[in-house]
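The values are calculated or read from the model by the stated rules, or taken from the named source; none is laboratory data. Since this is a predicted model, take the numbers as computed values, not measurements. Cβ placement follows ideal geometry from the backbone for every residue including glycine, while neighbour counts extend to all protein chains displayed. Note: accessible area is taken over every heavy atom of the protein model, side chains too, but ligands, DNA and RNA are not part of it. Shrake-Rupley method; radii C 1.70, N 1.55, O 1.52, S 1.80 Å.
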Amino acid sequence: MKRVLFFSVLFILLAALCCKPETGNKNKKQFFPPVSFEKAAEWADSLLTLMTLEEKITFIGGDRIFFTQAIPRLNISSVMMADATQGVHLRDNWRDEIFYDEVLPRSTAFPCPILLASTWNKNLVEEYANAVGEECRAGGIAILLGPGMNIYRQSRCGRNFEYFGEDPYLAGQMIENYVVGLQSTGTIATLKHFVANNTDYFRRKSNSIVDERTLHEIYLPAFKSGVNAGAMAVMTSYNQLNGEWCGQSNYVIDTVLRRQLGFKWLVMTDWWSVYDGEKVIQSGMDLEMPFRLATENAGQLLEEGKVSEADINRMVRSILRTLYAMKAFSRVKEESYLNKFDEHEEIALQTAREGIILLRNENQILPIEDTTKTILITGEYAIKVAQGGGAATVEGYNHITLTEALAGIYGVNAGYIDAPTDEEISTADVVVLNIGTFDSEGRDRPFELPDTTENEILRIVDLNPNTVVVVNSGSGIRMSSWNQKVAAILYAWYPGQNGALAEAEIITGKVNPSGKLPVTIEKEFVNSPGYGYIPQGEALYEGWQGEEEKARAVYDIQYKEGILVGYRWYEYQRIPPLYPFGFGLSYTSFELSKITLSANKFRQGETLKITVSVKNTGERKGAETIQLYISDIECSVPRPVKELKGFEKIVLEPGELKKVTLFIESDDFSFWDTESKGWKAEPGEFELLLGTSSNQIVQRFIVVLL
Ligand code: BGC
């Protein structure tokens, strides 16, 4: 009898344990500098007492475009910086002065960050950033001017390729891993561009009008993740936020970045982006780049009592503290890292393999395993390495084009023809058409391809339905006029110096595609939440247009869609996109089963655990990304239809089954409450949605926050 009672009690206890929500949190990664904040502060304070006022004033501006100022009298050396997120941009202006020799013999052109986000592979992001950091070490570069991380608000933004997509949670996860990967090599990560910098259309003249809730829910979370992960620097942006230039806004830097996000290290301006020295000095900014221009009058401002020496000391202290904490003053070129290029090339290639997205594959035209098939390769991008431009440019080495990569697999059966005739097109077994756009900082570009390109696609596909389109672009493009007609679409972004090899491996089946969209691709630009962002009657331009920009007045961009950015917008408005967020095909199939939830009631501070068994039901090895969204059933403020709050990518052999566990915290249910100026999760019912893309939800659970 006693024994029965014992087992009953044990059973009840175990059952209670199993059903009890867990405490603890999602495994967050964090970096700690080699010298602590306190120790570095002590050192900075003592150095400050030795500096003359003149030295201090000099120190708050940059030197030779990519350096901090040296103070030879105090043995403080100049610290070198380099762009940016997708590898080291080797600049000519480094070579003119003391670095007459090349900083680095070469640097790897990695796939662009939006492709990195498309991998949904957190560990790969860390490896990628680590490789970029190692190349910085090889060149003696102490500060990387990246990761870029502005949210993809609209598909025309010329810099979307430098960023991590439309979703704050996905971007935040990527950034956390990027920061840790990069900084673990001793290289400082610079989170940029702070904040609400979502167009490059006359970027020095735009004023982003964003409400507080939107700022916190959409445009700040990725920065917050970077700050929490331990990023050591932040760069402000060119634009104004609600009427003030970000680089001289006390609200942006002191209130939001320093107080609300808790950032305590180095803040620098974007290059030539501030105008009023007094405001800059009093905003919480530390370093004006590339030179002291707005703050040129710092001495005079001091004399007039408009700023104090304490203000200047604050700036100098912050620069010194950060650079000392990362041992940047003693940074030298470390030749041993030069042996790592092979490894880095492999990481670049692996990233491309995982980040290229198969959007369409009618009748399973792909993969083309039969190497005797004749493949006509055409399109301007098939004979070059597609890249974005501007500060993010990385030249790379050992380049390979799609034509070369396909020839390596199909031999003479695959050949490039610049302007194929009707007959050449119709007699080929398959046509691989490689199209693209050249996106760059300094301008936005149309969502639509030129008419000539669209017409050429239509001509080709009318002649040969077995057409595979490979897209190289930094953002979404208009595909709606030919999407239904082509057999397959590979969205390959800018895949880096050897990414064409990954494209070819996917075409031939050596690699099974596993990328998923980190953005929504709309049917027409008019569908986009950002539609109408440039002043009425104006048009996009090409090139830099610097002179015209100077003469222009500031123009406002109303972020009228508020928190409804990306899929949040398309779902709320019920506008079907061409391809939804989180979507991507594979050559195999997966089955999700045994989906369980640790509890259906939970309290603030507790964590829910969702487990799911994922099985590869096809014949090929492949990877699937399980995505977890939340939805607030009833709330005092409008909420999106769904919001991503968890994901995990797993690799499975044919027939293999793995259990995946995702965690959700009560914080994941919160919204930014403008009354309390904080995050708030309202008790009540929520829905958890588990699936493999934003539009492929396999299971829903109701949970109650008590
Ligand atoms: C860009 C920054 C870049 C800086 C230095 C600016 O034009 O906006 O992203 O880091 O130049 O090259």
### Message
For region 567-582, check the following and say yes or no: at least one residue is in contact (Cβ under 8 Å) with a residue 60 or more places away in the chain, out of contact with any helix residue (DSSP H, G or I) (no Cβ under 9 Å at 6 or more places or on another chain), outside the structural domain of Pro168 (by TED's automatic domain parsing) and within 30 Å of Gly243 (Cα to Cα).
### Response
yes
### Query
What strands (runs of 3 or more DSSP E) completely inside region 565-648 contain at least 2 residues that are under 21 Å from Ala681 (Cβ atoms)?
606-616, 622-632
### Task
Would you point out the residue of region 123-136, among those that are touching a Lys or Arg at 6+ places or on another chain (Cβ under 8 Å) and open to solvent by 10 Å² or more (accessible area, probe 1.4 Å), that is farthest from the ligand (Cβ to nearest atom)?
Glu126
### Message
For the structure I just gave you, tell me whether Ile60 is more than 16 Å from the ligand (Cβ to nearest atom), under 29 Å from Asn228 (Cβ atoms) and assigned by TED's automatic domain parsing to the domain that holds Ser273.
### Response
yes
### Query
Residues of region 185-222 being over 19 Å from the mean Cα position of the chain (by Cα) and away from the ligand (no atom under 16 Å from the Cβ), which ones?
Thr185, Gly186, Asn207, Ile209, Val210, Asp211, Glu212, Arg213
### Candidate set from region 343-378 (those that are assigned to a loop (DSSP other than H, G, I, E, B) and open to solvent by 10 Å² or more (accessible area, probe 1.4 Å)); member that is nearest to the ligand (Cβ to nearest atom)
Pro367
### Query
Which condition number in (1) away from the ligand (no atom under 16 Å from the Cβ); (2) part of a loop (DSSP other than H, G, I, E, B) is the one that Ala171 fails?
(2)
### Task
Could you tell me which numbered condition Glu606 fails, if it satisfies all but one of (1) surrounded by 15 or more Cβ atoms within 10 Å (Cβ to Cβ); (2) at pLDDT 95 or above; (3) in contact with a Ser or Thr (Cβ under 9 Å, 6 or more places away or on another chain)?
(2)
### Message
List the helices (runs of 4 or more DSSP H) inside region 224-342, counting only whole elements, that have at least 1 residues being out of contact with any helix residue (DSSP H, G or I) (no Cβ under 9 Å at 6 or more places or on another chain), farther than 27 Å from Tyr559 by Cβ and open to solvent by 50 Å² or more (accessible area, probe 1.4 Å).
### Response
298-303, 309-325
### Summary
Counting only helices (runs of 4 or more DSSP H) entirely within region 1-105, those with at least 1 residues that are at pLDDT below 95, farther than 30 Å from Glu665 by Cα and of a type in the set (Gly, Ala, Ser) are 2-19
### Qualifying residue in region 391-401 (condition: within 24 Å of the chain's Cα centre (by Cα), buried (at least 18 other Cβ atoms within 10 Å of the Cβ) and assigned to a helix (DSSP H, G or I))
yes
